[in-house]
Structure formats: C-alpha cells, structure tokens
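Readers should treat all values here as calculations from the given coordinates under stated rules, not as data from a laboratory. Every value quoted in this text rests on a predicted model; they were computed, and no experiment measured them. Cβ sites come from the backbone with ideal geometry, for glycine too, and all protein chains shown count toward neighbours.
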Amino acid sequence: MTSVVVVIPTYNEKENIVDLIPKVRSVLSDAGYENHVLIVDDSSPDGTGEAVHELSRTDSSIHLLTRSEKKGLGSAYLDGFKYALQSKPDILVQMDADFSHPPESLPTLIKAVHDEADVAIGSRYVEGGGTEGWSKYRQLVSSVANVLVHLILGLKTKDTTTGFRALRRSVADALQNYRLSSSGYDYQVETLYFYLKQGFKVREVPFTYRRRISGETKLSVGEIFHFTWTLLRLRLKGLRSSGP
Ligand SMILES: Nc1nc2c(ncn2[C@@H]2O[C@H](COP(=O)(O)OP(=O)(O)OP(=O)(O)O)[C@@H](O)[C@H]2O)c(=O)[nH]1
Ligand SMILES: [Mg+2]
C-alpha cells in the first residue's frame, strides 16, 4: 500500500484545522492510501497546537511538530519534511490549512506522483484549474508573481507559486541536502527552481483554489517584496553557476 504524509504548516488556523484534518484522513483512506497528517505549528496564540494535540489523542496518524515561534512557511515545510522522512513515506504532500487546497483534489495530485512524476504541482493556471472567490487585488498579486518568475528565471511551469504539491520521497530527500535560502513564501519558487535544475520530472495537475474559509492571510506586502528579491538573487546565482 502506498504511504503518504500530508504536511500542513499552521499559524492561527484553529478553526480550519479541526475540520481539515479529518477530511484529509477520510479522503486519503477512501482513495486507498496509508496516510498520516503532520501539522507544523509555530506556537499559534489561538490554540491551534492544543487543538491538534487533542485530535492526535484519538488518532495515532495525526502528528504535531511544534516550533517555538513564527519562523516562516518555507522553513515550516523543511522541518516538517525532515520529521516526516523518518517514517520513509512513499509520497509527501504539502498543503495549506485554510481549505484553499481542496482535500478532494488530493487523490489526483498524489496519483500523478504515484504514476510517473517526481513532483506534482497543483496548478491554477493550466486547463481545468482556476481560482474561486479571489479579490481583484489577490488575482493581481498572483499573476504578477508568476509573470516575474517567468521573466526573471525563465521557468515554463504555469503556476510557480502554488503551495499544493506532492513529492516523491527521493525529492524530499534531495531537498534536505540542498541549502535553501528562502524561509517564507519564496520557498515555493526556490524549490521549484531546484527541482527543475536537478532534472526531476515536474507535472502540473489542475485544481481550483478557493478563498480561505476562515482566519486571516499571512501574506504581507513585506513578503511580496522579499519574494521579488529572491527571484533576482536566484537569477544571479544561476548565472554565476551555470550560465543563462
Ligand atoms: N508554521 C507556519 N505556518 C505558516 C506561516 N506563515 C503561513 N503559514 C501557514 O501557511 C499556509 C499558507 O498561508 P496563508 O496565509 O493561507 O497564505 P496564502 O494562502 O498565500 O494567502 P490567502 O490566499 O490569503 O489565504 C497556511 O496554512 C498558514 O497558516 C509561518 O510562519 N509558520
Ligand atoms: Mg491561504
């Protein structure tokens, strides 16, 4: 039986996470996967960690990794993968806690890795994908981010910023040995850049991104500037190491 660990970073997501975890577990069990859920919580003041701990008391497939303070989305994934790799799962999944990445789309995403891909990217910008309930501002931020990635790094992947991804274990292993320079939202692009440079087979799988159900966004203007700076840095590093 194929084993899957779903890694979900949280910061103040109590309301979402108590509904999301059982949903993820049931969707994956119904699809025939041995599955575990790992929450990486940065000591959320709203009690997210305590709520997850409570759920884990009755379900040994729910795990909680608590970090002492808010350290960023990217580093939460890295710490989560490191922890999850100890049990040697076949496939690792990363997804948000706020239902933007629909649990119902998990089997299609995972199947792409199960069948042939090294990395499956849940994509809003390939045929069949899309967004629901986004403001014009949020649409603009996402489009501009992708245009910048295409222009500056020359990547062909349509949705370079999505955080809904499934990875073969060997990819997560490779990531552990790579010195990642991003710790925030720029993690998505830096890792994609790394996967493509390593020659991993990356596939986009359409899904519909939904506006978060409850709670607040952690995407700040500061993160957006930092993201652009990361692209320029990666481009310069790429030029120095191997040419355009
Ligand atoms: N552990 C941890 N999780 C984080 C941190 N920043 C964001 N997250 C989580 O990462 C996921 C994505 O963050 P969101 O705020 O939803 O960002 P977004 O999806 O780009 O923005 P929205 O579209 O407004 O939801 C959520 O599950 C957050 O709780 C962090 O510093 N640490
Ligand atoms: Mg979100």
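Would you mind getting me the FRET efficiency between R57 and K23? Use the beta-carbon distance for r and R0 = 22 Å, nearest 0.05. Step by step, r from the Cβ atoms, then E = 0.75. Coordinate range of the alpha-carbon atoms in the chain per principal axis, descending: 53, 37, 36 Å.
When the helices of the chain are scored as -39500 (n - 2.57) per DSSP H run of n ≥ 4 and the total is divided over every residue, the value at 222 nm lands at -14500 deg cm²/dmol. Among 176-183, 23-30, sorting by the average number of other beta carbon atoms lying within 10 angstrom of each residue, highest first, gives 23-30, 176-183.
For H226, H101, the sequence from fewest to most other C-beta atoms within 10 Å is H226, H101. Pairs from the list K88/K111; K23/K136; K14/K158; K158/K237 with a Cα-Cα gap above 20 Å: K23/K136; K14/K158; K158/K237.
A crude spin-label estimate for the pair R233 and L155, with each label 7 Å from Cα along the Cβ direction, gives 1.6 nm. Computed from Cα atoms, the angle from the helix 14-30 axis to the main principal axis of the chain rounds to 90 degrees.
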